[in-house]
Amino acid sequence: MPLFLSIETSAEICSVAIAENQAIISSLSDSEPNSHSKKLSLLTQQVLQMSKTSINEMDAIVVSAGPGSFTGLRIGVSFAKGICFGSGKPLISVETLQAMATSSEINLAENELLCLIADAGNNEAYYAVFDHQNHQLVSTSLGFFNEEIFKSFPEAEKYYFSGNKITKWTSFLQSRQEVIILPEMKPSASYLFKSAEEKFKLNLFEDLSNFEPLYIRDFKAKDYSAKIRKILYSS
């Protein structure tokens, strides 16, 4: 039964969790704006203490691959890679919207689709479409959320929409009879485990030297080596 430490920093909430065989042992989150770089190390140390585990006991480190906040993704991925470099643990990445889809509790019929959104700012959104078996039918894309978006969607009887800041597009979505708006769903480290376990069984690990988040844009990373060393040596 694999033991994972997961990290989610793609949106405004920074979260860390530990799970064994997909059962959550400990999890913490912090929603203070622009604080991922300050809080990630502390949250990681706290969930390790709460679960009475250490980095050395983990079978893999799991990180949200995005899309989402450039800065948040860089912080999370750089931090996770640093732990893996220092501990020798493999890295598993899970796309943010895929993790949300596999964790959604909605039961879709065969002719219904789940559309997940992540706010990208400037009236744009990252989006992806999934069927009743959580197969991704529309690859994760970035665009202005308007009538043109629906032209890229497969035909369906019903489209269920959810995601981070879904209320931003409520008025537009409500104008379409085939759309059902679900409660807002924010990215969480706890959502990463199901997909991570599937990848773990197939040995689908990331190349630490070359792995980059799913940006759809680019950004530069900061150095978090000091904070990572603190976690490794205190575990």
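Within the range 87-108, restricting attention to residues that are at pLDDT 95 or above and over 23 Å from SER139 (Cβ atoms), which residue is surrounded by the most Cβ atoms within 10 Å (Cβ to Cβ)?
Top of the filtered list is LYS89.
Is the range 218-229 home to any residue that is modelled with pLDDT of 95 or more and of a type outside the set (D, E, K, R)?
The answer is no, given that none of the residues of the range 218-229 is modelled with pLDDT of 95 or more and of a type outside the set (D, E, K, R).
In this structure, is PHE161 under 26 Å from GLY72 (Cβ atoms) and aromatic (Phe, Trp, Tyr)?
yes
How many residues, within the range 28-49, are touching a strand residue (DSSP E or B) at 6+ places or on another chain (Cβ under 7 Å) and of a type in the set (Asp, Glu)?
Counting residues in the range 28-49 that are touching a strand residue (DSSP E or B) at 6+ places or on another chain (Cβ under 7 Å) and of a type in the set (Asp, Glu) gives 1.
In the range 31-56, which residue that is at pLDDT 95 or above and within 17 Å of the chain's Cα centre (by Cα) is nearest to GLU212 (Cα to Cα)?
For the range 31-56, the residue satisfying everything is LEU40.
Inspect the range 88-96 for any residue being out of contact with any strand residue (DSSP E or B) (no Cβ under 9 Å at 6 or more places or on another chain) and farther than 19 Å from LEU3 by Cα and give the result as yes or no.
no
Condition first: free of Cβ contacts under 8 Å to residues at least 40 places away in the same chain, over 24 Å from GLY66 (Cβ atoms) and either in the same structural domain as PRO213 (by TED's automatic domain parsing) or not acidic (Asp, Glu) (or both). Now tell me which residues in the range 137-156 satisfy that.
Result: LYS151, single match.
Does ILE117 satisfy the condition of being touching a Gly at 6+ places or on another chain (Cβ under 8 Å), in a strand (DSSP E or B) and in contact (Cβ under 8 Å) with a residue 40 or more places away in the chain?
So ILE117 fits the description; yes.
Restricting to the range 136-165, name every residue that is surrounded by 10 or more Cβ atoms within 10 Å (Cβ to Cβ) and assigned to a loop (DSSP other than H, G, I, E, B).
Scanning the range 136-165 gives PHE145, ASN146, SER152, PHE153, PRO154, ALA156, GLU157, LYS165.
What's the number of the condition TYR159 fails, among (1) out of contact with any Ser or Thr (no Cβ under 9 Å at 6 or more places or on another chain); (2) hydroxyl-bearing (Ser, Thr, Tyr); (3) free of Cβ contacts under 8 Å to residues at least 24 places away in the same chain?
Among (1) out of contact with any Ser or Thr (no Cβ under 9 Å at 6 or more places or on another chain); (2) hydroxyl-bearing (Ser, Thr, Tyr); (3) free of Cβ contacts under 8 Å to residues at least 24 places away in the same chain, the lone unmet condition for TYR159 is (3).
So how many residues does the range 177-202 have that are in contact (Cβ under 8 Å) with a residue 24 or more places away in the chain and either assigned to a loop (DSSP other than H, G, I, E, B) or not hydrophobic (A, V, I, L, M, F, W, C) (or both)?
Residues meeting the conditions: 11.
Just for the range 1-59: of the residues that are over 20 Å from SER87 (Cα atoms) and in contact with a Pro (Cβ under 6 Å, 6 or more places away or on another chain), which one is surrounded by the most Cβ atoms within 10 Å (Cβ to Cβ)?
Only one residue fits best here, namely SER10.
The values are calculated or read from the model by the stated rules, or taken from the named source; none is laboratory data. Keep in mind that what you see is a predicted model, and the values were worked out from it rather than measured. With ideal geometry, Cβ positions are generated from the backbone for all residues, glycine too; neighbour counts draw on all protein chains shown.
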